[in-house]
Amino acid sequence: MKRNLLLASILLAAVPAWAQTDPVVMSVNGIDVHRSEFEYSYNKNNGETAVDKKSVDEYVELFVNYKLKVAAALDAKLDTLTSFRQEYAMYRDQQVRPTIVTDAEIEAEARRMYDRTKEALGAHGLIHPAHILLELSTQATLQEQERIKTRIDSVYRALQNGADFSALAQKVSQDPGSASRGGLLPWIGQGQTFKEFEDVAFSLQAGQMSAPFLTPVGYHIVMMKERKQLEPYDSLKTELLQALERRGIREEIVDAKLKNMVDASQGALSCDEILTRRSDSLATVDPEMKYLFQEYHDGLLLFEISTREVWDKAASDEVALKAWFETHRKNYTWASPRYKGIAYHVKDKKDVKAVRNCVKNLPFDEWTEALRSTFNSDSVIRIRVEKGLFRPGDNATVDKLVFKTGSEVVSLKDYPIDAVYGKKLKKPADYSDVRTQVVEDYQGYLERQWVEALRKRYPVSINQEVLKTVNKHQ
C-alpha cells in the first residue's frame, strides 16, 4: 500500500503544475478538452484585433462544431495520409528546430569567426585603398600593351604634378564599381584580391601613392587612404551576429546537431523521430506550444475534411447548384440591371454582324472559344472582345450603348468600330449569373446538414460549472 502511494505521488510530481489545476470543460466523442485548451482557442480568436468577438457561451458552439469535424476526420483516418503527415511535420519542424540552437551557440560561432579573421589578417591588418585601373587583357597585342602603358604613365605624371586622385579616378578609371567613388575600394585583408595588387598595396602607408603596376586585369595606381588593425570583438559583435543570421547559421547549427544525434543513436533514431520526441517534450512543459501544435494538427484535418464534405461538393455539383437556385430564386436579386454579353471592337464593319452570328445560338460559356477560333485563330487579330456580366460602370462601351449613361468611349487603336451583343437582365436568368453567391449559400446549407449529422453521431458533454470559470481563475 505504501509503495503504491509513493508511486502515485511520484507520478503526480512528474505532471506539470499547469496540468494539475486544469479541469475538463467538455468532452467530444469521448475525448476530454481541458479548460486551458478552450481558453487558448477562445482568447486567440477573440483578441483585440478580432472583428466579430464572441462571448464564451457563443464561442462554445463554434468550438464544439470544430471538434466534431476533427473527430470525423480522425474516424476517416485522414491523419494517416502521407500528405497530411508531411505538411504537419513541416510546420512542427518550423516550431521545434529553432529550440535546438541557443543564442550562446550563435555567439560562440561569432567569436570563432572573429578569431579566424584576426588570425588571417595577421600583423598587416586591414587597408582601405583607392585605385585607378586601366584594363589590359592578357591576350592583348604588343601594340595594345604599349598603348595602355603609355597612358597609365601619363596618368601617373599628372598625379605627381598635383592632379586630384579622386577626380582623375572618376574620369579615367575603368573599374566601374569604384570609379564613381573616386577609386575608393572596400576595406581589404590579405588573401582577398590579386597577390600582385596586395604586394604593392600592403607596402604603402596612409597617404602614400604607388607607381603604376600590372595585375591580371590591367595597370593600377593605388592611393592608400587608411590602415588599421581589426577592431575589438565587442565593437564588432552586433555586425558579426547579423552577418551570421543572414547566412542562415541557425539552420546550419541545427542540421549539424541533428546529424550528431542521429549518428550517436547508431541508426536507432531518424531525424524525424528526434524532432517528434522534442516536440512531445516541449508540449509537456509548455501549454502554449502544446496547443499550437494541436491547433495546426487539427486545422489541417479540418481543412481536408471540410474540402471533402462541403467545399468540393458545393463547387462541383452543378445539378445541385441549379436546383438550389431554382428553389431559392427569390433570394437572388439585383439592385440594378446587368448586361450579360460582350463588348467588342472590330476593324471591318462586316465583322459586327459576323460576331453576332458566330455566338447567337451557343451557350454563353462557349462564346469565348468560338470567337477565338473563328476570328483570332492565327497571327492576325481581327477583333477585341470583353465578355462578362456587366453592371453600370464596369465597361465604357456597355455603358454608352446599353445603359445609355453618356459615357465616352475611347476607341482602340486599329479597332475603331465598337459594338455589343447580349441581353439586358433585370434579375438573374440562371444560377450561373450569380454562381459565386449560390455556391456560398449551398456550402452553408451542406455545412449545417453536416454539423447536424455529426452532433447526432458523436456524444458531446459540457461542464457548465467549469465553463463559468473560463478566464476567471488564478
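Examine region 84-103 for a residue that is more than 27 Å from the chain's Cα centre (by Cα), under 30 Å from Ile274 (Cβ atoms) and at pLDDT 95 or above, and state whether such a residue exists.
Going residue by residue through region 84-103, those that are more than 27 Å from the chain's Cα centre (by Cα) are none.
No, the conditions are met nowhere in region 84-103.
Tell me which of these Tyr421 doesn't satisfy, since it passes every other one: (1) outside any strand (DSSP E or B); (2) farther than 28 Å from Ser306 by Cα; (3) of a type in the set (Phe, Trp, Tyr).
Of the numbered conditions (1) outside any strand (DSSP E or B); (2) farther than 28 Å from Ser306 by Cα; (3) of a type in the set (Phe, Trp, Tyr), the odd one out for Tyr421 is (1).
Pick from region 389-414 the residues that are loosely packed, with under 15 Cβ neighbours inside 10 Å and of a type in the set (Lys, Arg): which of them is nearest to the chain's Cα centre (by Cα)? Working first, answer last.
Going through region 389-414, the residues loosely packed, with under 15 Cβ neighbours inside 10 Å turn out to be 393, 404-406, 408, 410-414.
Now drop any that are not of a type in the set (Lys, Arg), which leaves 404, 413.
Working: Lys404: 46, Lys413: 40 Å.
Ranking the qualifying residues of region 389-414, first place goes to Lys413.
Of Lys468, Lys426, which residue is within 30 Å of Gly30 (Cβ to Cβ) and more than 37 Å from the chain's Cα centre (by Cα)?
Testing whether each residue is within 30 Å of Gly30 (Cβ to Cβ) and more than 37 Å from the chain's Cα centre (by Cα) leaves just Lys468.
Give me the residue from region 135-151 that is among the hydrophobic types (A, V, I, L, M, F, W, C) and surrounded by 11 or more Cβ atoms within 10 Å (Cβ to Cβ) and, out of that set, nearest to Asp175 (Cα to Cα).
Restricting to residues being among the hydrophobic types (A, V, I, L, M, F, W, C) and surrounded by 11 or more Cβ atoms within 10 Å (Cβ to Cβ), the top hit is Leu136.
Quick one: would you say Ala123 is part of a helix (DSSP H, G or I) and closer than 30 Å to Ser235 by Cα?
Yes, satisfied.
Mind counting the residues in region 76-120 that are assigned to a loop (DSSP other than H, G, I, E, B) and among the hydrophobic types (A, V, I, L, M, F, W, C)?
The number of residues fulfilling the criteria is 3.
Would you pick out the residues in region 75-114 that are in contact with an Asp or Glu (Cβ under 9 Å, 6 or more places away or on another chain), closer than 24 Å to Glu304 by Cα and not acidic (Asp, Glu)?
Result: Ala76, Leu78, Leu81, Ser83, Phe84, Arg85, Tyr88, Ala89.
For region 142-193, list the helices (runs of 4 or more DSSP H) that sit wholly inside it and hold at least 2 residues that are among the hydroxyl-bearing types (Ser, Thr, Tyr) and under 14 Å from Tyr219 (Cα atoms); which are they?
142-160
Being surrounded by 13 or more Cβ atoms within 10 Å (Cβ to Cβ), of a type in the set (Val, Ile, Thr) and either outside the structural domain of Ala130 (by TED's automatic domain parsing) or over 24 Å from Ala123 (Cα atoms) (or both), is that true of even one residue in region 181-200?
For region 181-200, residues surrounded by 13 or more Cβ atoms within 10 Å (Cβ to Cβ), of a type in the set (Val, Ile, Thr) and either outside the structural domain of Ala130 (by TED's automatic domain parsing) or over 24 Å from Ala123 (Cα atoms) (or both): absent.
Among the residues of region 349-367, is there at least one that is at pLDDT below 95 and of a type in the set (Asp, Glu)?
Checked region 349-367: at least one residue is at pLDDT below 95 and of a type in the set (Asp, Glu).
Could you list, in sequence order, the residues of region 354-388 that are surrounded by 15 or more Cβ atoms within 10 Å (Cβ to Cβ), within 11 Å of Gly341 (Cα to Cα) and without any contact (Cβ under 8 Å) to a residue 60 or more places away in the chain?
Scanning region 354-388 gives Trp367, Val385, Glu386, Lys387, Gly388.
Among the candidates Asn65, Asn4, single out the residue that is assigned to a helix (DSSP H, G or I), modelled with pLDDT of 95 or more and of a type in the set (S, T, N, Q). Steps first, answer last, please.
Working: Asn4 fails: modelled with pLDDT of 95 or more.
None of the other options fit; the residue is Asn65.
For region 449-467, how many residues meet the condition of being over 16 Å from Val60 (Cα atoms) and either charged (D, E, K, R) or surrounded by fewer than 13 Cβ atoms within 10 Å (Cβ to Cβ) (or both)?
Residues meeting the conditions: 3.
Collect the residues in region 73-127 that are under 30 Å from Ala453 (Cα atoms) and among the polar types (S, T, N, Q), keeping them in residue-number order.
Passing the criteria: Thr80, Thr82, Ser83.
Please count how many residues of region 365-405 are in contact with a helix residue (DSSP H, G or I) (Cβ under 7 Å, 6 or more places away or on another chain), farther than 24 Å from Val434 by Cβ and outside any helix (DSSP H, G or I).
Total satisfying the criteria: 2.
Where in region 265-334 are there helices (runs of 4 or more DSSP H), lying fully within it, with 2 or more residues that are β-branched (Val, Ile, Thr)?
By residue number, 271-285, 318-327.
Going by the structure shown, is Tyr233 surrounded by 18 or more Cβ atoms within 10 Å (Cβ to Cβ) and either touching a Pro at 6+ places or on another chain (Cβ under 9 Å) or more than 23 Å from Lys149 (Cα to Cα) (or both)?
No: the conditions fail for Tyr233.
Filter region 194-210 down to the residues that are among the aliphatic types (A, V, I, L, M) and not in a loop (DSSP other than H, G, I, E, B), then identify the one that is nearest to Lys228 (Cα to Cα).
Ala201
The values are calculated or read from the model by the stated rules, or taken from the named source; none is laboratory data. None of these values were measured; they are calculated from a predicted model. Note that we place each Cβ from the backbone using ideal geometry, even for glycine, and neighbour counts take in every protein chain shown.
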